Amino acid sequence: MKHKFKKPFNFEGVEYTELEFNFEDLNGNDLVSVERELTATGNVVISLQTSQTACMLIAAKAAKVPSELIKALPINEASAVSMLAQHFLLGVE
């Protein structure tokens with residue numbers, strides 16, 4: 001699934017106009033990895049599916065980009081990307 005940005009976004013010298021998310025390629029190990037990353041940074045998450053931070057990390061994995069890229073997006077784009085992950089995890093179409 002693609003997400004097209006409202007405006008081009010620059011990250012580390014690369015301009016992005018969209019990102020392709022392949023959530024179907026992820027597996028349980030990716031969830032464990034996200035949970036470990038959150039725990040290591042002091043975040044306590046009860047449900048990965050409802051945590052925006054967790055969903056942003058999952059989206060980064062699905063797009064095969066650094067999580068820092070997703071975190072650096074303008075707030076409206078970061079929120080939209082997070083919602084894509086959340087909807088996938090919850091089975092919302």
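The values are calculated or read from the model by the stated rules, or taken from the named source; none is laboratory data. Small disclaimer: the values here were computed from a predicted structure and weren't measured. Reconstructed Cβ throughout: ideal geometry from the backbone, glycine too, with neighbour counts over all protein chains shown. Accessible surface areas use protein heavy atoms only, side chains included; no ligands, DNA or RNA. Shrake-Rupley method; radii C 1.70, N 1.55, O 1.52, S 1.80 Å.
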* Asked: Which whole-number percent gives the relative contact order of segment 1-47, counting Cα pairs below 8 Å spaced six or more residues apart?
  -> 27 percent
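How much of the accessible area of segment 19-87, in percent, comes from carbon and sulfur atoms when a 1.4 Å probe is used?
Roughly 54 percent of what the probe reaches on segment 19-87 is carbon or sulfur.
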* Asked: Excluding ligands, DNA and RNA, what is the solvent-accessible area per residue of the chain at a probe of 1.4 Å, expressed in Å²?
  -> 62 Å²
* To do: Mind putting a number on the dipole of the chain about its Cα centre? Charges go on the C-beta only, +1 for Lys and Arg and -1 for Asp and Glu, and I need it in Debye to the nearest 20.
  => 200 debye
* the chain: calculated mean residue ellipticity at 222 nm from DSSP helix runs of at least 4, using -39500 (n - 2.57) -> -15500 deg cm²/dmol
* Once both axes come from the Cα atoms, what is the angle between helix 28-40 and the longest principal axis of the chain, in degrees from 0 to 90, rounded to 10? -> 90 degrees
* To do: Using Cα extents along the principal axes in Å as the read-out, say which of [x] 49, 28, 18; [y] 34, 30, 21; [z] 54, 26, 21 was calculated from these coordinates.
  => [y]
* 0 to 90° range, to nearest 10: angle between helix 75-90 axis and the chain longest Cα axis -> 40 degrees
* Structure fact -> Any GluC sites (Glu not before Pro) in segment 6-72 that lie in a DSSP loop and have at most 11 other Cβ atoms within 10 Å would be E12
* To do: Compute the separation of the alpha-carbon centres of segment 59-77 and segment 16-44 and state it in Å as a whole number.
  => 10 Å
* In whole percent, what relative contact order does the chain give with Cα contacts below 8 Å and a gap of six or more residues? -> 25 percent
* Treating the angle as unsigned and between 0 and 90°, give the value, to the nearest 10°, between the Cα long axis of helix 52-63 and the longest Cα principal axis of the chain. => 60 degrees
